[in-house]
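Accompanying notes for the structure given below.
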Amino acid sequence: MIKRIVTLLLTALLTAGCLCACGGKPDAAAGEGKLNIVTTIFPEYDWVLNILGDEAANVDVTLLLDNGVDLHSYQPTTEDILKISTCDLFIYVGGESDAWVDAALQEAVNKDMVVINLLDVLGSSVKEEEVIEGMQPEEEEHEDGEEAEEEEPEYDEHVWLSLRNASALTQSIADALKKTDPAHADAYQSNAAAYVSKLQALDQDYQAAVDAAPLHTLVFGDRFPFRYLTDDYHLDYYAAFVGCSAETEASFETITFLAQKVDELGLPAVMTIEGDNHRIAETVVENTKTKDQEILTMDSMQSATAKDIANGANYLSIMKNNLSVMKEALQSDGEEIAADNRQTGVDENAPEPESIDGSETAVSTTDGIDVDLTTLSSTMVYAEVYNMMVQPEDYTGKTVKMDGLFSSYHDEQTGKDYFACTIMDATACCSQGIEFVLTDDYVYPDDYPEEGGEICVCGVFDTYQEGDYTYCTLRDATLA
């Protein structure tokens, strides 16, 4: 929906913009007479430079996404649109994130522009995004009163992370450059062939590393944009989200599943993609048995900056570094760990126990409280609340004390107000909440905390049915 709105806005913008631009190309470009190439993402930009070789000094090459904004969040500026409108060669990915491109191309000033859509070049080898076991699907948003329509397939846009795709796309770009600038066609073809040889050599290094590795599974506590890479070498993977997901918080079920997979397979590392936020991966490690896995980062090249390029970053060097990281992730004594589990008869797929390491339990107290969550660490509180959600019958009728953050919700349809105590896990990555109903001694909102304020509540655990759903609540509750 957001992308459709942006496309409509761009259409209006371009219509207005072209009234100013239809006199021809900008003066600088016309005066210099240089070939003008616009790319959306860093891999395209670097491939172009390698094909141009020495001719790069005589060509204007623009990278639109050069400030750290990734493909899924990028929205073009008016200046970006005008650059595209007047360029000789425009290269873009072509997935859902590029929905704005059609409107930009419709109003192009240069009608001889050559356009390369990476997904179109790759054709049937482009993969649909897949939600695999343990992965958290995205929540679908629909406007009020709008029924969910059958959606078109959503394709995985991260085609550049396959070295084999990179080879095919490099040749396609070379062909377009030969057509656009035939005077230098031989040089472009020679440069492309030399670069493809380097890509193919690195591809062989990846295959050799996978063939020699004792492990063949990666676990990502993050989005997973590397499906093309793992499919090339027949690696298995588990991840929190699909590659194009906008989700940032993983459910406890997802965290638990990934942690169990790390334990089951004896993996030495949990993977992330580039960026500063590794909270999900850290939480996965915290919920494994040994809690000693490394957190390793592979670079998906979605947030490259002009500064990175100035410092020498290039596609091949990043993919070589990814290979080094992958080698480390696939080397382990995990086979021994898995064997130990089989010998002791451990059910590796069993759900997490109420106390992950057995050192903490929510014990009864002398003041009539059956389950006191205020005495536990944040990780254990989160696990205990999760148990309440999946096994409510074990807690029904027990007096529970918990502290957390106050949240409220008003349902317009029923006219009811609902209140909850929300708790976070150890890294503030994930949250769970339990509703509560205070006794009649409390008046809302006067006697309640401020939204998001700290709260300590004590009540009798119970469940109730509303529509098709069962909800957990603390009834006859009081504030401690």
Task: Residues of the stretch 69-85 classified as crowded, with 17+ Cβ neighbours inside 10 Å, polar (S, T, N, Q) and modelled with pLDDT under 90, total - done: 0
Task: Failed criterion for residue 177 (all others in (1) surrounded by fewer than 18 Cβ atoms within 10 Å (Cβ to Cβ); (2) over 26 Å from the mean Cα position of the chain (by Cα) hold) - done: (1)
Task: Matching option when the condition is among the acidic types (Asp, Glu) and either out of contact with any Ser or Thr (no Cβ under 8 Å at 6 or more places or on another chain) or modelled with pLDDT of 90 or more (or both), among 88, 66 - done: 88
- [ ] Read through the list (1) in a helix (DSSP H, G or I); (2) touching a residue at least 40 places away in the same chain (Cβ under 8 Å); (3) within 25 Å of residue 226 (Cβ to Cβ); (4) not hydroxyl-bearing (Ser, Thr, Tyr), then give the number of the only condition that residue 123 fails.
- [x] (2)
- [ ] Look at residue 201 and say whether it is modelled with pLDDT of 95 or more, in a helix (DSSP H, G or I), of a type in the set (A, V, I, L, M, F, W, C) and surrounded by fewer than 19 Cβ atoms within 10 Å (Cβ to Cβ).
- [x] yes
TODO: Could you please find all residues in the stretch 260-278 being out of contact with any strand residue (DSSP E or B) (no Cβ under 7 Å at 6 or more places or on another chain) and without any contact (Cβ under 8 Å) to a residue 60 or more places away in the chain?
DONE: 275, 276, 277
- [ ] Within the stretch 284-324, work out how many residues are in a helix (DSSP H, G or I) and buried (at least 16 other Cβ atoms within 10 Å of the Cβ).
- [x] 11
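The values are calculated or read from the model by the stated rules, or taken from the named source; none is laboratory data. This one's a predicted model, so the numbers in the text were calculated from it and none came from an experiment. A quick note on method: Cβ atoms are made from the backbone with ideal geometry, for glycine too, and the neighbour counts reach across all protein chains shown.
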